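A short worksheet on the structure shown next.
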Amino acid sequence: MRILLIEDEPDVARWLMRALRQSGIASEHAPTARLGQALASGAEFDVVVLDLQLPDQHGFDWLSEMRAKGLRTPVLVLTAQGALHDRVEGLHRGADDYLTKPFELAELEARLAALHRRSQGRAQAMVTCGSLRFDSNHPSFWLGDRLLALTPREHAALEALLARAGTPLGKSRLAERVFPLDSTVGPDAIEQVLHRLRQKLQGSDLRIVTVRGLGYMLEAQAA
Ligand code: CA
């Protein structure tokens, strides 16, 4: 695994470079966004570790520019503690994961390994239906270029429906996916989840239709 570390704090960078080397991970260091861009453009890395507060450019702007130029390398963003906003913004800008400073080396290594594994299966990681995209790398749903905010149950329901888009999915099969550990939920519970999902898809080309006797079906309407 080869890592590009873009980080301007000399102490943090020195510590990380040494620690990664000891773990057998080859890494190159760029203390500025500009040098990071040159390195990322000139060589193949498995993961980019990106600090946000860089002297010459904000990390998010660096990321947007590089994604626009076609950089496909997974990017792990280092965020400040409690900066929830940064995590959301990071996903919009094309980050694949984030880690809050300060962090344990073991956690960084685990995430680098996970990103590396995921990137190798990236080709089939995107599932679409109409303007809806599911990115199993994150995993997250996008409606056009808008990230859909879903509860875990809504997420599970939409994932199950998308996997069978255009074909009805039985109510009990759907309930198993949405409430896997909960046998006490009544039949109305799934209706409530679908009701909220339908609201969130309103105004788009996607519809969740009820197919009498067969279940529910996600379909995209032709424009
Ligand atoms: Ca910094």
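Just a few scattered comments:
- Filtered residues of segment 157-166 (kept if open to solvent by 20 Å² or more (accessible area, probe 1.4 Å) and touching a helix residue (DSSP H, G or I) at 6+ places or on another chain (Cβ under 8 Å)): E159
- Members of segment 90-109 found to be open to solvent by 50 Å² or more (accessible area, probe 1.4 Å) and more than 15 Å from L16 (Cβ to Cβ), listed by number: L91, H92, R93, Y98
- The single condition among (1) open to solvent by less than 70 Å² (accessible area, probe 1.4 Å); (2) part of a loop (DSSP other than H, G, I, E, B) that I3 does not satisfy is (2).
- Of all residues in segment 30-42 being open to solvent by 40 Å² or more (accessible area, probe 1.4 Å) and of a type in the set (G, A, S), the one that is nearest to the ligand (Cβ to nearest atom): A38
- Strands (runs of 3 or more DSSP E) enclosed by segment 111-223 - at least 1 residues per element that are farther than 30 Å from V77 by Cβ and not small (G, A, S): 206-211, 215-220
- Once segment 79-89 is narrowed to residues that are in a helix (DSSP H, G or I) and in contact (Cβ under 8 Å) with a residue 24 or more places away in the chain, the residue that is least open to solvent (accessible area, probe 1.4 Å) is D86.
- Taking the listed residues S23, S27, the one that is buried (at least 18 other Cβ atoms within 10 Å of the Cβ), of a type in the set (S, T, N, Q), farther than 26 Å from D135 by Cα and away from the ligand (no atom under 14 Å from the Cβ) is S27, with no other qualifying.
- In segment 52-78, of all residues being surrounded by 23 or more Cβ atoms within 10 Å (Cβ to Cβ) and in a strand (DSSP E or B), the one that is farthest from the ligand (Cβ to nearest atom) corresponds to V75.
- Of the residues making up segment 110-119, just one is touching a residue at least 40 places away in the same chain (Cβ under 8 Å) and open to solvent by 50 Å² or more (accessible area, probe 1.4 Å), namely R118.
- Unique match (being under 20 Å from R72 (Cα atoms), aliphatic (A, V, I, L, M) and more than 25 Å from the chain's Cα centre (by Cα)) among A38, A19, A33: A38
- Breaking point among (1) surrounded by fewer than 17 Cβ atoms within 10 Å (Cβ to Cβ); (2) within 16 Å of the ligand (Cβ to nearest atom), for V49: (1)
The values are calculated or read from the model by the stated rules, or taken from the named source; none is laboratory data. None of the values given here were measured: they were computed from a predicted structure. All Cβ positions, glycine included, derive from the backbone under ideal geometry; neighbour counts span all protein chains shown. Ligands, DNA and RNA are excluded from the accessible area calculation, which covers all protein heavy atoms including side chains. Shrake-Rupley method; radii C 1.70, N 1.55, O 1.52, S 1.80 Å.
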